[in-house]
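Please read the structure below before turning to the comments.
The values are calculated or read from the model by the stated rules, or taken from the named source; none is laboratory data. Small disclaimer: the values here were computed from a predicted structure and weren't measured. Don't worry about glycine lacking a Cβ; one is built from the backbone with ideal geometry, like all the others, and counts go over all protein chains shown.
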Amino acid sequence: MKLQAIVPLIVLILGAAPGQNAYAATSDFVSDYYAVGLSRQAPAFAFFSVDSLGRGEVIGNPATDEAISAVGLQLVNPAKGKYEYRLASSENTNGSWQVLCGAKSIRLCSRYLPSVESPPFILTFNQHSNHATLLGLMSPGERKMPLPCLLHLPDMGTCQITSKQRSQKLDYDARRSVSMPYVKISFPPATREQSYVEYKLDVVSIYPRLPGIESDPLFDGFRRNFLNIFQVNPRLQMLANNSSSDACAFTLYEYSDVARRAPPLAKGLTSLDLVRMTLDRYLAGVKTYGMAGCSAGTDGADNIAWPTPYNSLDSYPSLLIAACNYATGAKDWKWAEHNYEKLVAWAREIIKTDSDGNGLIEYSGSGNFGDRPTVNRRPANWWDTINFGYEDAYSNALAYRACVMFAELSRQLRHKEQAELFAERARRLRDAYVPTFLNPKTGMLAGWRSADGKLHDYGFTFVNGIAVSYGLVDGKDARAIMSNLLQKMERVGYTNFALGLPGNLVPVRKGDYINENRIIESARSIGQPQLDDGSDAFQYYENGGATACFAGFTVQALYQVGRVEAARRIFYPMLESYASGKFQGFGSNGASKDWRDWAGGGHGYEGFLAENYLALLATFDEVKVRR
């Protein structure tokens with residue numbers, strides 16, 4: 001049923017006055033693409049909902065005007081879809097702000113009036129309701145977003161924001177360490193110097209147009225949420241976990257992989273530009289989570305410190321992959337050449353960690369069972385509660401890809417010596433990879449080999465997936481590994497693929513926790529005992545918790561080895577969850593949905609993790625096999 005057909009029914013039920021808009025005075029204008037309600041206190045949205053697909057799904061309202069103070073203006077509605085904020089003392093005064101609503105667009109018009117001190121027009125989102133973000137190019141140290149930019153609401157849709165007036169910038173801020181985490185956007189009013197300003201918000205749907213998916217509802221989540229992985233933190237001016245969370249060096253490669261496939265965002269703005277903006281901050285020396293020297297509260301952001309005295313093993317491979325993706329995707333050879341020496345330094349940071357000369361890179365943490373650090377040492381990679389250490393299979397997969405890509409970029413830039421060096425390093429790493437990590441007892445790749453020579457194999461789905469999808473193992477060996485992984489998944493009884501995949505299929509023993517708090521606290525919350533074999537906390541957070549984060553590697557690997565039906569058995573339910581917004585937000589227990597137990601109970605804490613949306617790239621594999 002179309003939303004417009006539901007509206008009169010709501011009016012009858014709630015007893016709204018004739019002519020009053022039906023969202024029970026919460027929204028003033030409704031179309032199939034958006035619904036907005038205006039604050040009665042000051043120029044601000046009190047209701048803001050978007051449906052980029054034009055299905056009329058605009059009932060949810062993540063906006064709030066609770067913190068808006070009255071400013072002496074009153075809202076009037078002189079015509080359908082036209083609203084004005086005027087001085088309360090005189091109805092004849094021209095409006096200082098005018099809101100004009102069309103089917104797919106909103107215009108915010110500000111006129112300078114000498115007798116009116118016009119405030120900015122405010123749009124504030126409660127982050128517990130939606131992790132909205134602005135996407136555009138910010139300058140270091142400035143919490144302002146130049147136009148054009150995008151306002152993206154994950155699981156809802158996107159607005160492209162433009163202005164005819166040149167050099168317009170929006171004030172943009174986001175916080176999480178406050179009583180109500182928020183994202184706040186301010187549209188500056190006209191001034192004496194610029195007597196008229198107009199902003200236009202057009203509802204758009206931005207995603208790669210792939211054959212066969214346009215009319216298939218299975219891919220609604222792909223179309224609506226392709227941009228979800230991009231979140232700009234306005235206090236860091238970088239891509240981050242979400243707009244109020246940490247920027248992490250070890251995740252930038254994921255954003256860049258999606259950016260390579262994304263269409264333009266607006267005139268003169270691409271997703272790869274967002275990657276370059278973030279890379280430029282790293283190249284200028286900014287340290288983020290995963291890098292030695294990262295401190296808390298950078299530029300007033302609610303980021304946390306990286307307490308470890310050395311870099312995570314996956315940070316520089318991630319940065320180098322992102323740099324290669326940007327340079328080759330944007331064909332920005334000038335940028336690549338200008339920054340080449342710094343990129344070489346990143347590449348050398350990767351290979352110098354091969355401490356024993358066997359071709360693999362090694363982490364300074366031993367990874368030995370029971371090696372609990374006396375200081376707050378973090379593990380080798382993204383999985384921050386499991387003691388990945390020394391020779392880490394996931395980080396080495398990233399290092400292999402980084403070396404291959406950087407060798408190719410060096411060839412493009414005619415740096416022959418570097419091209420040969422890193423191609424050789426990639427070859428040596430690949431030669432050592434399977435012999436080091438393959439567990440003959442399980443027929444799968446282990447998560448890491450510790451400094452004492454022991455394998456730590458807990459049925460890591462993402463490790464086996466990334467190794468196959470990155471080409472570290474292929475042919476019959478790849479098929480055998482993925483078959484063994486599927487058989488193990490069947491034996492342990494994991495079938496709830498709408499939640500994504502568990503990172504591991506076997507409980508991680510407590511001696512292989514490095515930071516057990518999030519795992520143990522989840523177990524304690526339901527009264528579980530603490531057991532050394534890890535079974536007490538299995539399915540909670542990173543000890544077997546289900547997530548879409550990194551699940552795409554397993555799906556893509558299955559497509560790659562020809563196990564199409566197995567890939568679809570996992571990916572189709574995930575696509576349905578993307579369409580219904582099930583990877584964002586918080587459950588009734590107060591924990592977030594980015595990590596679940598196998599029955600669907602929430603055990604996360606961020607509320608939104610950008611990494612959950614990398615798996616959408618498996619849509620390209622699905623489309624390829626359909627041809």
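For the reader, a short list of remarks on this structure follows.
- From the list L609, L617, the lone residue that is hydrophobic (A, V, I, L, M, F, W, C), over 25 Å from A174 (Cβ atoms) and either touching a His at 6+ places or on another chain (Cβ under 7 Å) or touching a residue at least 12 places away in the same chain (Cβ under 8 Å) (or both) is L617.
Matching residues to (1) over 31 Å from the mean Cα position of the chain (by Cα); (2) not aliphatic (A, V, I, L, M); (3) not in a helix (DSSP H, G or I):
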position	(1), (2), (3)
L398	no, no, no
Q418	yes, yes, no
R428	yes, yes, no
Y458	no, yes, yes
V463	no, no, no
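- Here is the figure for the stretch 386-402: residues that are touching a strand residue (DSSP E or B) at 6+ places or on another chain (Cβ under 8 Å) and of a type outside the set (F, W, Y) total 6.
- For the stretch 428-450, the candidate set comprises residues that are of a type in the set (A, V, I, L, M, F, W, C) and surrounded by fewer than 19 Cβ atoms within 10 Å (Cβ to Cβ); within that set, the residue that is farthest from A402 (Cα to Cα) is V434.
- Set side by side, the residues V404, V375, V434 differ, and just one is over 29 Å from L609 (Cα atoms) and either part of a loop (DSSP other than H, G, I, E, B) or modelled with pLDDT of 95 or more (or both), which is V434.
- Qualifying residue in the stretch 60-70 (condition: over 23 Å from V116 (Cβ atoms) and polar (S, T, N, Q)): yes
- Residue in the stretch 122-135 that is at pLDDT below 95, among the aromatic types (F, W, Y) and either under 30 Å from G607 (Cα atoms) or in contact with a strand residue (DSSP E or B) (Cβ under 7 Å, 6 or more places away or on another chain) (or both) present: no
- Residue that is under 26 Å from G471 (Cβ atoms) and either surrounded by 21 or more Cβ atoms within 10 Å (Cβ to Cβ) or assigned by TED's automatic domain parsing to the domain that holds V492 (or both), where the choices are A566, A591, A579, A599: A566
- Lone unmet requirement of (1) crowded, with 16+ Cβ neighbours inside 10 Å; (2) part of a loop (DSSP other than H, G, I, E, B) for N358: (1)
- Within the stretch 149-171, tally of residues that are buried (at least 19 other Cβ atoms within 10 Å of the Cβ) and under 27 Å from F222 (Cα atoms): 13
- Filtering the stretch 400-429 to residues that are within 15 Å of L360 (Cα to Cα) and touching a residue at least 60 places away in the same chain (Cβ under 8 Å) leaves Y400, R401, A402, F422, R425, R428, L429.
- The residues of the stretch 87-105 that are assigned to a strand (DSSP E or B) and either modelled with pLDDT under 90 or surrounded by fewer than 22 Cβ atoms within 10 Å (Cβ to Cβ) (or both), listed by number, are L87, Q98, L100, C101, S105.
- All of (1) in a helix (DSSP H, G or I); (2) in contact with a Leu (Cβ under 7 Å, 6 or more places away or on another chain) hold for Y363 with one exception: (1).
- Residue in the stretch 328-342 that is without any contact (Cβ under 8 Å) to a residue 24 or more places away in the chain and closer than 30 Å to S205 by Cα present: yes
- Pick from the stretch 298-320, criterion hydrophobic (A, V, I, L, M, F, W, C) and outside any loop (DSSP other than H, G, I, E, B), ranking: nearest to R281 (Cα to Cα): L319
Yes or no, residue by residue, for (1) at pLDDT 95 or above; (2) in contact with a helix residue (DSSP H, G or I) (Cβ under 9 Å, 6 or more places away or on another chain); (3) among the charged types (D, E, K, R); (4) not assigned by TED's automatic domain parsing to the domain that holds F583:
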{"site": "K184", "(1), (2), (3), (4)": "yes, no, yes, yes"}
{"site": "G212", "(1), (2), (3), (4)": "no, yes, no, yes"}
{"site": "F222", "(1), (2), (3), (4)": "yes, yes, no, yes"}
{"site": "P234", "(1), (2), (3), (4)": "yes, no, no, yes"}
{"site": "Y253", "(1), (2), (3), (4)": "yes, yes, no, yes"}
{"site": "D257", "(1), (2), (3), (4)": "yes, yes, yes, yes"}
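- The single residue among V561, V623 that is of a type in the set (A, V, I, L, M) and touching a helix residue (DSSP H, G or I) at 6+ places or on another chain (Cβ under 8 Å) turns out to be V561.
- Put simply, of R111, R143, R86 the only residue that is under 34 Å from the mean Cα position of the chain (by Cα), on the phi < 0 side of the Ramachandran plot and of a type in the set (D, E, K, R) is R143.
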